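For reference, the structure discussed in these notes is given below.
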Amino acid sequence: MKNLVTLLVFASCWMSAAGAAHACSCEPVSPAAGFDRAQYVFAGKVVRAEAHTWHVEVERVWKGHERLGRTVKLMDAYSSTDCQFFFQLGQRYLFFAILAKGGRDVFYHHLTPFAVEYLQAGGERMPLADRSADTVVVAYALCTIPEPQAALAEIRRVLKPGGRLVFLEHGQAEPVWRQGVQNRLNRVWGALAGGCHLNRNPIGLVQGAGFDVREERREEFPMRFWLLGSHYSGVALARSG
């Protein structure tokens, strides 16, 4: 297999009902917490399965594009402990991961495996039933979706009561002078970057769509990416009523 990267899987206990079997006494981790901790988030299909080892064809990456190849090798770090995970051949899973220290291999903390179904649709009109989703994850999308308010209204529609919106976005810079630069370059940038907007305020969009932001983190990009503005991540709940 080409572009093979070896990954060591440390499995935690949160998982959905479908797709994987496990035996473990470790502390559960929610998908929202997993996404927040993860340095790498990717989905893929298990194409080869051995004893505590799985080869996965990576189909989509939300974090860690620069380190993931087309195929990865997952190794169960808990093969000699009470935590063991078994992934089914031919099934697709969503992997949340963090990079560990040491060696040439890439070590992953496998936080939330679940079977994945791909639906191709615009964010403004999703083919999902009302109140059918426990969690919605939006990663670097509100900057590009033509009608972000409509997409956020759809997210409210499909979330179950108490369901969470986990977001990870870039947007309006914190220093005012950088906002001016973003405003001036926004149209040119959008033409070059597939409709991406530099100057949208993710927090304002989420709050304006009827969500209460319960967890929030604002950070700065490295200097070479300063034009992208500030980095926003957090968890929000829909307001009742």
| When you scan region 55-80, how many residues do you find that are surrounded by 17 or more Cβ atoms within 10 Å (Cβ to Cβ) and at pLDDT 80 or above? | 4
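Looking at the structure I just gave you, is ALA141 of a type in the set (Gly, Ala, Ser) and within 21 Å of LYS63 (Cβ to Cβ)? Please lay out each step first, then the result.
Details: of a type in the set (Gly, Ala, Ser): yes; within 21 Å of LYS63 (Cβ to Cβ): yes.
Against the criterion (of a type in the set (Gly, Ala, Ser) and within 21 Å of LYS63 (Cβ to Cβ)), ALA141 qualifies.
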| said: Looking only at region 118-154, count every residue that is part of a strand (DSSP E or B), surrounded by 15 or more Cβ atoms within 10 Å (Cβ to Cβ) and not hydrophobic (A, V, I, L, M, F, W, C) and tell me the total. | reply: 1
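The values are calculated or read from the model by the stated rules, or taken from the named source; none is laboratory data. Every value quoted in this text rests on a predicted model; they were computed, and no experiment measured them. No Cβ is skipped: glycine too gets one built from the backbone with ideal geometry, and neighbour counts run over all protein chains shown.
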